[in-house]
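Okay, so here's the structure we're looking at.
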Amino acid sequence: MAKNLIFTIPTDKHNKEDLLALLDSHPEIKFVSIVGIDLSGNDTDEKIPVSLFKDDIASFLNGTAVQTDGSSVVLPEIATLNNAKVDMITDLEVNWFVDYNYEFLDPETNKPVGTLRIPCFLYHEGVPVDSRHILKSAVDTFKTTLLDIFAKKPETLKPFGIISDDIDQIVITSATELEFWVKTPNDKVETEELSTSQILQEQYWTRTKGVVRTALEQSLILMESYGFEPEMGHKEVGGVKGKFDSSGNFNHVMEQLEIDWKYSDALQSADNELFIRNLVKETFRRNGLDVTFLAKPIEGVAGSGEHTHLGVSVKLKDGTRINLFAATKNDFLSAIGYGAIMGLLKNYEIVNPFVSSTADSLRRLKPGYEAPVCIVTSLGHSPEVPSRNRTILAGLVRDPHSPLATRFELRAPNPHTNTYLAMSTSYLAMLDGILYALESNKTEGQLLAELSKKAGEDADYLEKDRAYRAEEDVFEDFTQEERDEFFGTAPATVYENLLALDKYPKKVEVLKRNDVFTDKLINSFRLGVTKRWTTEITSRVISEYASEIRSFKLLHSLDKALDLDISNWMAINDLRHYIMKDSYTNKSLFTKIKEAIVADDLEEASNLQIELDDKMSLLRFLYNSYKKNLLDIDI
């Protein structure tokens, strides 16, 4: 890592004079990239020579210099083939970062070549249509709506000992945590070995070694250089112990890691997360390691989450900060805090499509892996003892000695979640609950009672047939039937998840407050997610399953096999054929899925996908049992 590099350009430097002076003094910055985020969370990355940027810097800064073809971003039915032009409007109100290519040194300066990445908003026909702008609009709506109710109902601020005139601004604070798997290229580890290590917790918080340690430490140092203020990097629960090769190098790496960093305001936090994800991947790659941010890269082993923290405070004119979620007396939360968690839980069915939008993300959300399966919260057994329940969807994070730390942790997102849209929908859902809490004049005790209600009990805001709070272990203390009855049935596929946008029209209206989301944006997002889901199934999932099925070969010799071995193999082979092999009289499960997708019968494709995943789990189990019973194996 070269010295004397500039990593971050803060907002007060986003003007012509400062930028030109900075670029002149750092000739290693050769390119500029205007970064927009489409509705699928993809970021643009074009290379504009810095000389062109400097010559036309005024146009770049006022948003008239850059356009893109709508076919290159996911905006279906917005940027169409006959109306594809999308304008990229520079965002001057967030930090800009310089992305360095450490494998390409500038011969004049002997420093890595840099690209200045400038976040932007995407406009189509003069209307913003991108994920970044949706989050900005959601945050603005949250702030203005809250300020309006404070002005109309000044008594809502009385518990905090302030009046609306004391408030300088409302601050939306957010943060994410990044989990990921890292391995040496082409190495494979048996799932059973990984699962056993996970159950025994052999890897969690253990010491990183060799090249993994180097890459992790380099990542944390780089994050400090950018001002991200990393708080921790450590091993997660998944992984196995590495090995040394004949040259003494550490290989056979298969480990799960986590990196945390300091919170920021919502839009800056989402920008930070996107940049850090790329920074981590490139840093590990330079050390010869593969990184995957898939939510469930290995079936039967813990997946990777990206827990998202959501908080709200006010900054007073005298500089004081007050957390609006923190209890003002011996309680778990303030009335605003209770309203926020109630809004998030009540409306989560229409938040979930924006959080878990891929088949991979829903595979992670299974019982037994510390990933949430129910729409439920935990507050703690008493206000004096903060909750540490890791089995719920949204947990209350609080420190009795530090009220500013009070926030909610949404545990469903994963590293491929579109953080901009996840935060947008979460804050809009929370706002709905806050408005109920404040406009109904409910006390903290009344709100806690409603949040703690049993399934079947009446409530003014929450739904009668549901429960929303559990201090028990959701996985261990409830059966699957009880979870479904008390907390609702979780969607099993992307198709089922998207159905909520039709099933709950009143809840969808929560997202449309102040036109943060419009029907056009929601439909475009839905079309993009559906296309990705169907494409992944036909072009990726089926292909990967096919390779796995072909690897399940007959291992026993006929002269040494027992009748049980033969019976086991016959069951395996029958299942292999059912899943994959067509005949003149029967179509395989693979073919049925493909035909359903071609026919646009998405409900049938969804049902068949559930069957396929179940059959693959059964096949893996049968093959593993078959291998274990063999004394002599012919490979």
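Values quoted throughout were computed directly from the atomic coordinates according to the rules given, and no laboratory measurement underlies them. Owing to the predicted nature of the structure, the values given are computational and were not obtained by experimental measurement. Neighbour counts are summed over all protein chains in view; Cβ atoms, including those assigned to glycine, are modelled from backbone coordinates with ideal geometry.
Brief remarks on what is shown
- Exposure proxy order (Cβ contacts within 10 Å, fewest to most) of HIS234, HIS124: HIS234, HIS124
- Counting DSSP beta bridges with both ends in segment 134-517, the antiparallel % (nearest 5): 95
- Whole-Å distance, taken between Cα centres, linking segment 12-39 and segment 426-466: 47
- Within segment 372-425, trypsin sites (Lys or Arg not before Pro) in DSSP loop having at most 12 other beta-carbon neighbours inside 10 Å: ARG388
- Close amide H pairs (under 5 Å, H built 1.01 Å from N) link PHE121 with ILE89, THR90, ASP91, residues at least 5 positions away or on another chain.
- Using the Karplus relation 6.51 cos²θ - 1.76 cosθ + 1.60 with θ = phi - 60°, the per-residue 3J(HN,Hα) values for segment 342-355 come to 5, x, 5, 6, 4, 9, 5, 4, 9, 7, 3, x, 8, 8 Hz, with x marking Gly and Pro.
- Rh by Kirkwood over Cα pairs, then Stokes-Einstein D for segment 402-491 at 0.890 mPa s and 25 °C, µm²/s: 159
- Think of the chain as a dipole: +1 on every Lys or Arg Cβ, -1 on every Asp or Glu Cβ, centred on the Cα centre; then among PRO491, PHE284, TYR584, PHE284 lies furthest on the positive end.
- Each part gets one Cα centre, and for segment 78-124 versus segment 289-337 those centres are 29 Å apart.
- Three-way shape call for segment 8-129 based on the alpha-carbon gyration tensor, with the a/c threshold at 1.5: prolate
- The phi-based Karplus calculation (6.51 cos²θ - 1.76 cosθ + 1.60; θ = phi - 60°) puts the 3J(HN,Hα) values of segment 133-138 at 5, 4, 5, 4, 5, 5 Hz, whole numbers, x for Gly and Pro.
- Among LYS454, LYS627, LYS3, the ranking by other beta carbons within 10 Å of each residue's beta carbon, starting with the fewest, stands as LYS3, LYS454, LYS627.
- For segment 477-555 and segment 130-145, distance of Cα centres in Å: 25
- P(r) for segment 335-492, from all Cα pairs and a bin width of 5 Å, is 1, 9, 18, 22, 23, 16, 8, 2, 0 %, short bins first.
- Hydrodynamic radius of the chain per Kirkwood, over alpha carbon pairs, in Å: 26.7
- Chymotrypsin sites (Phe, Trp or Tyr not before Pro) within segment 205-234, DSSP loop, no more than 14 other Cβ atoms inside 10 Å: TRP205
- Close amide H contacts of VAL312 (hydrogens built in the peptide plane, cut-off under 5 Å, sequence separation of 5 or more or a different chain): THR173, LEU324, PHE325.
- Distances between every pair of Cα atoms in segment 528-628, grouped in 10 Å steps from 0 to the bin holding the largest one, split as 14, 42, 27, 12, 4, 0 percent.
- Applying both filters, DSSP loop and at most 11 other Cβ atoms within 10 Å, to the GluC sites (Glu not before Pro) of segment 498-589 eliminates every site.
- Spacing of the modelled spin labels on ARG532 and LYS158, each 7 Å from Cα toward Cβ, amounts to 4.8 nm.
- Rounded, prolate or oblate (a/c below 1.5 giving rounded, otherwise prolate when a/b exceeds b/c) for segment 428-584 by Cα gyration tensor: oblate
- R0 of 30 Å, Cβ-Cβ distance LYS47-GLU544: FRET efficiency to nearest 0.05: 0.35
- Ascending count of other beta-carbon atoms within 10 Å, so fewest first, for THR406, THR425: THR406, THR425
- 3J(HN,Hα) along segment 450-464: 5, 5, 8, 4, 8, 4, x, 7, 5, 8, 6, 10, 6, 7, 4 Hz, from the Karplus curve 6.51 cos²θ - 1.76 cosθ + 1.60 with θ = phi - 60°, whole Hz, x for Gly and Pro.
- Amide H contacts under 5 Å for ALA405, placed H, 5+ residues apart: ASP399
- Cβ charges +1 (Lys, Arg) and -1 (Asp, Glu), total dipole of segment 134-517, debye: 620
- Measuring nothing but how far apart in sequence close Cα pairs (under 8 Å, 6+ apart) lie, relative to its length, the chain scores a relative contact order of 12 percent.
- Distance cut-off 17 Å, percentage of C-alpha pairs in segment 291-424 lying past it: 60
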